[in-house]
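Reading through the structure tokens given below for one structure.
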Amino acid sequence: MGDSSSRSLEAILLVGGQGTRLRPLTMSIPKPLLPTAGVPLLEHQLARAAAAGVRHVVFATAYRAEMFAESFGDGDRLGLEITYVTEDVPLGTGGAIRNASAALRSGPDDPVFILNGDIISGHDMTAQIAAHEKADAVVTLHLTTVEDPRRYGSVLTEADGRVKAFIEKSPTPITDQVNAGCYIFRRGVIDEIPAGRPVSVEYELFPKFLAESVPIIGHVDPAYWLDVGTPAAFVQCCCDLTLGRVRSPALPVQGVPALIGEGAVIAPDAQVAGGSTIGGGVLVASGAVVDGSVVMDGAEIAEEAKVSRSVVGRGARIGPGVVVEDAIVGDEAVVEAGNELRGGVRIWPRSVISDTSIRFSSDM
Ligand code: GDD
Ligand code: MG
């Protein structure tokens, strides 16, 4: 066995979800294609997979399938070969894997990566393959630890790494060790997933495997990991990439206070920091502050406005003195002077928030 990059591994990428929790950002673009530090979210994961020896990636798409091909084409740019397989009706995670497997070329005993498409991770994929092969496992899951495991699959393991229980999205999780959404499946087992009907890996397949004592191994890697499922996580992901808190081979520059797009104009006395991304052609006027935020192409931040931990969509306009904190302003929306948007407020694309119509008060 040589070093992993000389191998020719295959992966199935699950990108058929709707990303509803990220609306309005995902109204015009699927979550995995959202720009993060200047490149589509997926690109970080694809570049990491390529570095770990993956050569062929099958995209399992359902929602806005054509946009993935527009972004990544045949994969050449990333040193990958990409095949697109589209479900007419979403088949769930397991059904999507089964459906996409028609495009695989691996033999029955070969390891195939299965990747959730909305993850940003620094974990060592080569070490995961090594663990899979050492244990002679049928399935090997990357596991990580989170503060609040209720939104994830919680996974209990034995001392030797063997998975004892997998419980998806429980209000009372059995452990804070969770499924990190990067699996290795022995190819032959994918062919045994029922075809032509929706199947969930998390609710149906893993519990069934465990009941049948199929060897599933948990591979714990505590590296940087984030599920980019909420607006706050999206902003965090973008800032962490810019600040270099997670390494991405897709980015030429990391570890800087901000990324400034082409043609952006930042007034000399404006402040842009905290890992913010400023898109192309953005204007940040005098006295404005943009901290730990994402300002997309063509947006305008007027004088003395303060934008923190927020997203300002393409072509949106934030008026003079406006406060935007932990909020999302949709594409081409206008927030006029006198408004304060805080605490998870989301403004839909092209809305106009007129003079002083939204203000937060601590007296309420
Ligand atoms: N092709 C296809 N078809 N893809 C799908 C479908 C489908 O019907 N349903 C979901 N997906 C894709 C999503 O696009 C995403 O990339 C991945 O499958 C997982 O779906 P999510 O909807 O993002 O699931 P989740 O985040 O709530 O939970 C999953 O990920 C967690 C880690 O982030 C589960 O696998 C959890 O167990 C896990 O902890
Ligand atoms: Mg997810």
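Below are the figures for this structure:
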{"quantity": "Val294, Val220, reordered so the largest accessible area comes first (probe 1.4 Å)", "calculated": "Val220, Val294"}
{"quantity": "Mean Cα-pair separation over length for region 169-284, i.e. relative contact order, pairs under 8 Å, 6 or more apart, %", "calculated": "16"}
{"quantity": "Pairs of lysine residues in the chain - Cα separation under 23 Å, sequence separation of 8 or more or cross-chain", "calculated": "4"}
{"quantity": "Solvent-accessible area of Met67 with every protein chain in place, 1.4 Å probe, in Å² to the nearest 10", "calculated": "40"}
{"quantity": "Crossing angle, helix 125-135 versus the chain [Cα axis fit, 0-90 degrees, rounded to tens]", "calculated": "20"}
{"quantity": "Residue among Asp221, Asp124, Asp88 with the largest mean-square fluctuation in a Gaussian network model of the chain, springs linking Cα atoms under 10 Å", "calculated": "Asp88"}
{"quantity": "For the chain, built as a Gaussian network whose Cα springs stay under 10 Å, the top-fluctuating residue of Gly313, Gly53, Gly263", "calculated": "Gly263"}
{"quantity": "Label-point separation, Ala223 to Val138 (7 Å along Cα→Cβ), nm", "calculated": "2.8"}
{"quantity": "Fluctuation leader among Val178, Val89, Val155 - the chain, Gaussian network, Cα springs under 10 angstrom", "calculated": "Val89"}
{"quantity": "Among beta bridges that DSSP assigns inside region 4-231, antiparallel share in %, nearest 5", "calculated": "50"}
{"quantity": "Sparsely packed GluC sites (Glu not before Pro) within region 200-268, loop by DSSP, other Cβ within 10 Å at most 13", "calculated": "Glu212, Glu262"}
{"quantity": "Estimated [θ] at 222 nm from DSSP helical runs (n ≥ 4, -39500 (n - 2.57)) normalised by residues in the chain, nearest 500", "calculated": "-5000 deg cm²/dmol"}
{"quantity": "Gain in span if fully extended, Arg342 to Ala159, counting 0.36 nm per residue against the direct Cα distance", "calculated": "61.4 nm"}
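The values are calculated or read from the model by the stated rules, or taken from the named source; none is laboratory data. Treat the numbers as computed from the prediction; the structure is a model and nothing was measured. Methodologically, a virtual Cβ is constructed for each residue, glycine included, from the backbone with ideal geometry; neighbour enumeration extends over all protein chains shown. In case anyone asks, the SASA skips ligands and DNA or RNA and just uses the protein heavy atoms, side chains included. Shrake-Rupley method; radii C 1.70, N 1.55, O 1.52, S 1.80 Å.
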